[in-house]
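A short worksheet on the structure shown next.
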Amino acid sequence: MKERARRPAIARTAQDPDAPPAERPGKGGLALALGVLLAVPAASLGLAAERAALVTTPHFAFYDDFATNLNDALIAAGVERNFDRPELFHSGAEESCFGELPPSARAGWNRAVDYYAEIISPAGFDDRQQLLPRLQLAGLGESVQDDGARRFVEIARGFRAAAAPAYEACRWRAQDEENRLWIEALQSQLAAHEETIARRLEELYGTPWDGLPIPVDVVETVSWRGANSVILYPAGGHILISSSYEGQAALEIVFHEASHLLMDRGDPVQRALAEAASALGMPRPDDLWHVVLFYTTGETVRRVLEEAGDPEYTPMIYSIFERSSWVRYRDALEGTWPAYLKGERTLPEAAAELMAAVGEGAGHEER
């Protein structure tokens, strides 16, 4: 079993690295310490009894959970309310349904959105305001160990209860169907490719899969990111994914998020990059590891699909290169890392070549 220190960790996933970490209008002081989290044995981190996976594969357990989707909808509505943008039940197809609800149901939803807009929505997914309810909803509430955190979780639960009648009446049926269709479509891709992709990623990252199956909650939004991961100690994690990912992008994103569990701090790829930078006497760029993760997992998915007779897939990293500051790493990455993916370089060799190319590229930019 892989040894992991018992400390909290968040796997950050940003589909656009130049986007803000969260939409926080005037509420930048909400981030709280994470030290109370995840300091319990793996045996006590089981999923809540009332949660049943819709589909389970060797590496993933997919959930279509009402309460988790309600939480996601309230976070999204709170963001929209803070920015005076159209929000759920106050615009769009569900507005007429909402208008026909009893006043108590409408008030329950609106007061819950008020609370989320002030307290939960402005926070990042790795802040306590969003992380604590997420863990409780995923059945990992035992990891919340202080009284203040427990009270906060219960307050959030109360507001969700007030919002539930409106969500169930006017939105859940459509979202439930969308989630189920998404999981069904992904299940067929996993049946064909899961074992091959998982085996290659395990080899490339030099880390064995642990804490399987990884729970994956499918929801509508997951903020602007579309997906994110929480790493649990000593093993496992939790993934949130938006049902907006279509086709083969859904296959890549679920393995991208799972790859965070194979590329934590101190794991072989992270360690190789750090050692290569140190040997060259240069600082390792803070975001380079994530570019490497996107490229490694995306290219692995692409190659497996190509070998299966589908050469058309383009990994997400290439659209990110086109619109973000990560483009500064493109030449260095494409000039060095494919040799590692093909087995023509060892991990230390590839990391050394990549860091040297990154350093050379930075020197050209400075000149």
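Based on Cβ point charges of +1 for Lys and Arg and -1 for Asp and Glu, what charge dipole magnitude is obtained for the stretch 232-367 about its Cα centre, in debye rounded to the nearest 20?
Roughly 280 debye for the stretch 232-367.
Rank these for me by crowding, H260, H290, going from fewest to most other beta carbons within 10 Å.
H290, H260
How far, in nm, would the chain grow between E195 and V327 when pulled straight, counting 0.36 nm per residue and subtracting the alpha carbon separation?
44.4 nm
For A107 and T314, FRET efficiency with R0 = 51 Å and r from the beta-carbon atoms, rounded to 0.05?
0.60
Which ³J(HN,Hα) values, rounded to whole Hz and listed in residue order, are derived for the stretch 145-157 from phi using the Karplus coefficients 6.51, -1.76 and 1.60 in 6.51 cos²θ - 1.76 cosθ + 1.60 with θ = phi - 60°, glycine and proline given as x?
10, 10, 4, x, 5, 5, 5, 4, 4, 5, 4, 4, 4
Sort 129-135, 207-213 by the packing proxy (mean of other Cβ within 10 Å over each peptide's residues), most packed first.
Listed from highest to lowest mean packing, they are 129-135, 207-213.
Values in this text are rule-based calculations from the coordinates and carry no lab data. Not measured: the values here are computed from a predicted model. We place every Cβ from the backbone using ideal geometry, glycine too, and count neighbours over all the protein chains shown.
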